[in-house]
Amino acid sequence: MPGNLRWLYAGRAVRSFAVAFLTVVFPLYLAAEGLHSAAIGTILALGGAGSAVLVAVIGLAGDRFGRRRMLLGLGVLGALGGVTMALSGNPVAVTIASGLGGVGRGGGAGSGGSWGPVFPAEQPLLAAAAGPRERTAVFGRIAFVGVIAGAAGSLVAYLPDGLHASGWGWVPAYRVVFWLGALLCVVMVLVSLPLRETVPSAAPAAAAPEAPRPVLSTAQLIGRLSVTNGLNGLGIGFLGPLLTYWFHVRFGVGPGALGLLYTLVNLVTALPYLGAARLAARLGVVRAVVVTRAVTVLLLLAMTRMPTFTLAGIFFALRMAVNSLGMPSRQSYVMGVADERRRGSVAALGMLPSQVTASLSPAIGGLLMQAVLDTPLFGAALFTGANCISYYFAFRHLPPPEEIRPVGSKAAD
């Protein structure tokens, strides 16, 4: 339903705005509560485990009961999580609430909020609203909307600085931000209400494939995605939740400077999203993903050698800009090769290992940071590289429908 696109774009904008400042603030809030890096990593890991459970539930239930209902439910859970974090400093309550709210599970700066429990419901709705040849472009546009909104949201990280300068304690200043996050979750519910959806029939599709091609069953597709995404999740877990803490310890910067950096990163990564479809058309979707991932590994390693916050921030921005060229292709590809009736399940179960491994690596990374400060960057580079190699061998012979030329067509078509 093409009319859904504007509401999906609006929902992504609101969510990305919230994710942007919560990703910056949450680890610093935990540090202000007196927790050390290992404890912070453990809370992030356990909260991520809660998000992983939500991913599976949303994907499976969405295919059966409708993805719109899942978006509404996630908005309510996010609001409850935000209120809990604003009212309680109990580590157990904060951990559960962060999992319910998906705090820090939106992919970080430059991701446009395209990760976390929402995506198994959002991505099938996007794919249904766009034709096969427009699908990657639509995924790129919604990511563009997300990063622009995230750039604005990152500025909210200045709020605790301003409140602290006015005499507030750090902990109460951070909790004001959680109240704002809860309010934005209510807005997410409101923009999801107008969505319209027809749940795909369980009957087999009548249309035959346009041309012979390698075909994977849903189980086989989920299996390959599980391997590649599991490796990717380890890299995300090392980098995303711990990166603001790494900047804070390595260069002594606070939430204001980090908020400004993340705002600039979001702005730098916005335009490449609009070029993702063009790159995929030139290289092919799978090659586009592999090439961009390989370049990001080199940029991560370069960050460890930077002597100043400014230089490290520049390489971080470059890394996220290159990553944004491949992200819409990767998401669109899964929707393209999956059975329409099982898109939510494929998105959820294929990404579940990523959610699980991403919930484990922050605890490992936080512990190792006490010995080697650059552990988040080395770990992210190692597992992103492994993901790059495994992704190529898993999908190089499985093109999406839009890359399959009908039998008898001419090369010039």
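Spacing of the modelled spin labels on Val253 and Phe393, each 7 Å from Cα toward Cβ, amounts to 3.8 nm. Applying the Karplus relation 6.51 cos²θ - 1.76 cosθ + 1.60 with θ = phi - 60° to segment 374-380 yields 3J(HN,Hα) values of 7, 3, x, 6, 5, x, 5 Hz, where x marks Gly and Pro. Using bins of 5 Å that start at zero, the share of Cα-Cα pairs per bin across segment 268-402 amounts to 2, 10, 16, 19, 21, 16, 9, 5, 2, 0, 0, in whole %. In the chain, the DSSP-assigned H stretches of four residues or longer account for a calculated mean residue ellipticity at 222 nm of -26000 deg cm²/dmol, using -39500 (n - 2.57) per stretch and the full residue count as denominator.
Each peptide in 288-301, 37-50 gets a packing score, the mean of other Cβ atoms within 10 Å over its residues, and the list from highest to lowest is 37-50, 288-301. Note on the chain: dipole from Cβ charges, positive end direction compared against Ile40, Thr136, Leu377; the farthest Cα belongs to Thr136. Candidates Ala358, Ile314, Val337 compared by Cα position along the dipole of segment 306-388: farthest toward the positive end lies Val337, with charges placed on Cβ.
The slack between Arg305 and Arg6, meaning 0.36 nm per residue of separation minus the straight C-alpha distance, is 103.4 nm.
No lab work stands behind these numbers, since they all come straight from the coordinates. Source: prediction; values computed, not measured. A quick note on method: Cβ atoms are made from the backbone with ideal geometry, for glycine too, and the neighbour counts reach across all protein chains shown.
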